[in-house]
1. Consider residue 62 against the criteria (1) under 16 Å from the mean Cα position of the chain (by Cα); (2) within 16 Å of the ligand (Cβ to nearest atom); (3) closer than 29 Å to residue 123 by Cα: it satisfies all of them except one. Which criterion is unmet?
2. Does segment 106-120 hold any residues that are farther than 19 Å from residue 75 by Cα and among the hydrophobic types (A, V, I, L, M, F, W, C), and which are they?
3. For residue 79, state whether it is away from the ligand (no atom under 16 Å from the Cβ), hydroxyl-bearing (Ser, Thr, Tyr), closer than 20 Å to residue 121 by Cβ and surrounded by 12 or more Cβ atoms within 10 Å (Cβ to Cβ).
4. If a residue must be under 15 Å from the mean Cα position of the chain (by Cα) and aromatic (Phe, Trp, Tyr), how many such residues does segment 32-50 contain?
Amino acid sequence: MSYQNDVANFMKAGEQPVRSELSLEGDQATLYMNLISEEYQETLSAFKTNDMIEVADGLADMVWVIMGMCNSCGIDFDSVWQEVKASNMSKFPNGKAIKNDHGKIMKPDSYFKPNIKKVLDLEE
Ligand SMILES: [Mg+2]
């Protein structure tokens, strides 16, 4: 079970197509991009009014519609996440940040950029 699967089940129940092939085309992707924007604005308003309950609700709604966007355009979110996580963690060889004299976290030799193209299987 995953968040993306939960949302896929919701979409199937609501007769919204869940794509397995990559594409940004179609009204549904536009709909989910608009929903992401809406939920972000709601969450920001809740944050500005110091409303913890609505912030938590808004964050969950944001994850929900982001998973809906992934399902609308055929992105396997977990594989992208694993790649981004590996890239971010590559900044900490031996689990420790390397900082310069001013405290800035430096990119060590171990650092690598996420290869999203490869993860999405879009390499020629
Ligand atoms: Mg909401």
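1. Going through the list (1) under 16 Å from the mean Cα position of the chain (by Cα); (2) within 16 Å of the ligand (Cβ to nearest atom); (3) closer than 29 Å to residue 123 by Cα, residue 62 breaks only (3).
2. Answer for segment 106-120, where residues must be farther than 19 Å from residue 75 by Cα and among the hydrophobic types (A, V, I, L, M, F, W, C): 106, 112.
3. Details: away from the ligand (no atom under 16 Å from the Cβ): yes; hydroxyl-bearing (Ser, Thr, Tyr): yes; closer than 20 Å to residue 121 by Cβ: yes; surrounded by 12 or more Cβ atoms within 10 Å (Cβ to Cβ): yes.
Criteria met by residue 79.
4. Applying the first criterion (under 15 Å from the mean Cα position of the chain (by Cα)) to segment 32-50 yields 32-33, 35-37, 39-40.
Pick out the ones that are also aromatic (Phe, Trp, Tyr) and you get 32, 40.
So the count comes out to 2.
Read-outs throughout are calculated quantities, based only on the coordinates presented, and are distinct from any laboratory measurement. None of these values were measured; they are calculated from a predicted model. Quick reminder, even Gly has a Cβ in these numbers, built from the backbone with ideal geometry, and neighbours come from all protein chains shown.
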